[in-house]
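The values are calculated or read from the model by the stated rules, or taken from the named source; none is laboratory data. Owing to the predicted nature of the structure, the values given are computational and were not obtained by experimental measurement. Heads up, the Cβs are rebuilt from the backbone with ideal geometry, glycines too, and the neighbour counts pull from every protein chain shown. For accessibility, only protein heavy atoms count, side chains too; no ligands or nucleic acids. Shrake-Rupley method; radii C 1.70, N 1.55, O 1.52, S 1.80 Å.
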Amino acid sequence: MNFNNFPKFQLPRLQLPRLDLPEWIAPKKDLPPLAIGDLRAAVPIVQGGMGVGISLAGLAAAVAEAGGIGVIAANAIGMIEPDYYDDGRAADQRALRSEIRRARARTRGVIGVNLMVAVNDFHELLQVVVEERPDIVFLGAGLPLRGIPVAALRAANVKVAPIVSSGRAARLIFTHWRKSYGDVPDAVVVEGPLAGGHLGFKPEQIDDPAYALERIVPDVIAEVRPFEAGCGRAIPVIAGGGVYTGADIHRILRLGARGVQLGTRFVATDECDADPRFKEAYVRCRAEDIVIIKSPVGLPGRAIRNPFLEEVARGARRSFRCPWRCLESCDARAAAYCISLALDSARQGRLDEGFAFAGANAHRVDRIVPVRELMDGLKAEYAAAVEAAARSIGDEYARLVERWKGLKDEYGAAVARLAELRDEYERAWNERIARLKNDYENVWPDKIAALRAEYEGAWNEKAAAVREQYEAAVAALEQLRAGGLDLQAEPR
Ligand SMILES: Cc1cc2nc3c(=O)[nH]c(=O)nc-3n(C[C@H](O)[C@H](O)[C@H](O)COP(=O)(O)O)c2cc1C
């Protein structure tokens, strides 16, 4: 027997992961540029198109000058012309053409046009876009599916970005475009339910968290991603509706959006093309004044409550002459008022004859500022948000390092305890083996000899007794035989 073969006690080897952590974290604090194909805006801020006449060349050029994308809203833009009621279509086209040219004359920045698919002169206005070549056209209030002059827009180098409220709508548009035009849009704007103006949501969806911008942005990104491989270019997603501060921009970009679209903030600027009284309505309004209305367009809209809207809500009807049925979905005979006329009146500061569309955050506006100041403020807030995020990552990192150090100490203590246990074990094992060996070599031979002696002694005694009994029996038998007992005789 080999007593040296006792089980070995192996100390476990713990491989601690190497943490190659940066010595310092240097976050990029500048707003990243927004690239849409070969078009580039220095800051990823799109000024949402705002009709009627709220965002014209003045606002658009100022935003473009500040590095963002300035957008002229084209729907009912002809209302700024004196002859709209004579020929609305012609006035719309003339006004759009002239506003694009005015904006171009003021800036070399990025200029866009916002077109509503739902207006009856959509295709004529799109033709003006092809001819006047703004950098990009945003197509909202309906799905831009049929009759889009994609080849002409491409030839004019005008980028196209539909405005959607869901991933499903984005998929529908992209699938249709690929099939019908062998092409896909260049970018997508996703507008959440906190936006101002007409909303692409059912009234019950507006406050439902399932439709919050933060929820639909990832959906839209996921839907357009497969199309990027097909067309070999990135399709940036731009998100808007309730984006108010630089911190909001930071949050939305972290969701994967490449840009943001802001409306409300740009209304409260010196350069916004609306009358100062329109802007003052923003400064004055409180949270409870911002309401959802049912617009004659057939969509819900967000606006600032005023006597005009209260009257309409009570069922009053404003008589009007419909100049040319500008909206496909509007039934002028049934409508309580003309939406274009109401918005145009508000633009001119006559809020008793109309109302101001506004985003859910309009009550946060406390003053009117130049676009440049607004943009600088947003950039600074964004930088602060990046720093705060980096700080919290840094704090988390420091916490992890501490935890890691703690674990390392704990591990060291555990290994030391294991070494102790191993020594104890080996000591105990060696002692026991030594005892067993001693027993085997010294104690057991004596014991076995004693047992053997005991066995042999017992056996001899027993054998002698048995032999004695046997012999006595044999003697008794002999005696019987001598007494004449015939052991062979049959019993009688
Ligand atoms: C006064 C006003 C008018 C608007 N008009 C239009 C419009 O004509 N077409 C459009 O696509 N969006 C329109 N919008 C939506 C904006 O373009 C933008 O997407 C939205 O306001 C973003 O939300 P925010 O206001 O919370 O920033 C309008 C918004 C406002 C506040």
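Among residues of segment 345-366 that are under 14 Å from residue 280 (Cβ atoms) and of a type in the set (Val, Ile, Thr), those with a beta-carbon under 7 Å from a residue that is in a loop (DSSP other than H, G, I, E, B) and within 11 Å of the ligand (Cβ to nearest atom) at least six positions away or on a different chain give the pairs 365/268. Run residue 234 past the list (1) of a type in the set (Gly, Ala, Ser); (2) closer than 23 Å to residue 199 by Cα; (3) surrounded by fewer than 22 Cβ atoms within 10 Å (Cβ to Cβ); (4) touching a residue at least 60 places away in the same chain (Cβ under 8 Å) and report the number of the one that doesn't hold. Of (1) of a type in the set (Gly, Ala, Ser); (2) closer than 23 Å to residue 199 by Cα; (3) surrounded by fewer than 22 Cβ atoms within 10 Å (Cβ to Cβ); (4) touching a residue at least 60 places away in the same chain (Cβ under 8 Å), only one is false for residue 234: (2). In segment 367-380, the count of residues that are more than 27 Å from the chain's Cα centre (by Cα), on the phi > 0 side of the Ramachandran plot and within 16 Å of the ligand (Cβ to nearest atom) is zero.
Among the helices (runs of 4 or more DSSP H) confined to segment 26-145, the ones with at least 2 residues that are more than 35 Å from the chain's Cα centre (by Cα) are located at 88-106, 122-132. Taking the criterion of being assigned to a helix (DSSP H, G or I) and over 29 Å from the mean Cα position of the chain (by Cα), the residues of segment 148-178 that qualify are 150, 151, 152, 153, 154, 155. When residues in segment 93-114 are screened for being crowded, with 19+ Cβ neighbours inside 10 Å and without any contact (Cβ under 8 Å) to a residue 60 or more places away in the chain, 8 of them pass.
In segment 222-231, what residues are under 17 Å from the mean Cα position of the chain (by Cα) and either on the phi > 0 side of the Ramachandran plot or touching a residue at least 40 places away in the same chain (Cβ under 8 Å) (or both)?
Applying the first criterion (under 17 Å from the mean Cα position of the chain (by Cα)) to segment 222-231 yields 222-225.
Selection gives 222, 223, 224.
Within segment 215-223, the presence of at least one residue that is away from the ligand (no atom under 13 Å from the Cβ) and either at pLDDT below 95 or open to solvent by 70 Å² or more (accessible area, probe 1.4 Å) (or both) is confirmed. A search for C-beta distances below 7 Å between a residue of segment 238-256 that is more than 18 Å from residue 358 (Cα to Cα) and any residue that is in a loop (DSSP other than H, G, I, E, B) and open to solvent by 30 Å² or more (accessible area, probe 1.4 Å), counting only pairs 6+ apart in sequence or on different chains, returns 238/258. Only a single item in (1) away from the ligand (no atom under 16 Å from the Cβ); (2) in contact with a Gly (Cβ under 9 Å, 6 or more places away or on another chain) is not met by residue 149, and it is number (2). In segment 198-214, the residue that is farthest from the ligand (Cβ to nearest atom) out of those that are open to solvent by less than 30 Å² (accessible area, probe 1.4 Å) and touching an Asp or Glu at 6+ places or on another chain (Cβ under 9 Å) is 201. Quick one: would you say residue 185 is away from the ligand (no atom under 14 Å from the Cβ), more than 13 Å from residue 257 (Cβ to Cβ) and buried (at least 22 other Cβ atoms within 10 Å of the Cβ)? So residue 185 fits the description; yes. Considering segment 241-311, the qualifying helices (runs of 4 or more DSSP H), each wholly inside and each with 2 or more residues that are farther than 23 Å from residue 116 by Cα, more than 9 Å from the ligand (Cβ to nearest atom) and open to solvent by 40 Å² or more (accessible area, probe 1.4 Å), run over 246-254, 276-284. Kindly indicate the residue of segment 121-138 that is away from the ligand (no atom under 15 Å from the Cβ) and in contact with a Leu (Cβ under 9 Å, 6 or more places away or on another chain) and also least open to solvent (accessible area, probe 1.4 Å) among those meeting that condition. Residue satisfying both the conditions and the ranking: 128. Candidates 441, 461, 424: the one that is free of Cβ contacts under 8 Å to residues at least 40 places away in the same chain, in a helix (DSSP H, G or I) and under 60 Å from the mean Cα position of the chain (by Cα) is 424. Annotation: residue 162 fulfils all but one of (1) within 30 Å of residue 222 (Cβ to Cβ); (2) open to solvent by 10 Å² or more (accessible area, probe 1.4 Å); the unmet one is (2). Just one of (1) within 20 Å of residue 157 (Cβ to Cβ); (2) in contact (Cβ under 8 Å) with a residue 60 or more places away in the chain; (3) open to solvent by 10 Å² or more (accessible area, probe 1.4 Å); (4) more than 16 Å from the ligand (Cβ to nearest atom) fails for residue 49. It is (4).
Being at pLDDT 75 or above and over 30 Å from residue 229 (Cβ atoms) is a description that does not apply to residue 48.
Screening residue 398 with (1) surrounded by fewer than 19 Cβ atoms within 10 Å (Cβ to Cβ); (2) touching a residue at least 40 places away in the same chain (Cβ under 8 Å); (3) assigned to a helix (DSSP H, G or I) gives one miss only, at (2). Within segment 331-344, is even one residue open to solvent by less than 40 Å² (accessible area, probe 1.4 Å), in contact with a helix residue (DSSP H, G or I) (Cβ under 6 Å, 6 or more places away or on another chain) and at pLDDT 95 or above? Yes, that holds for at least one residue.
If I filter segment 312-330 down to residues being within 40 Å of the chain's Cα centre (by Cα) and part of a loop (DSSP other than H, G, I, E, B), which single residue comes out as modelled with the highest pLDDT? Looking at the filtered set, the residue picked out is 326.
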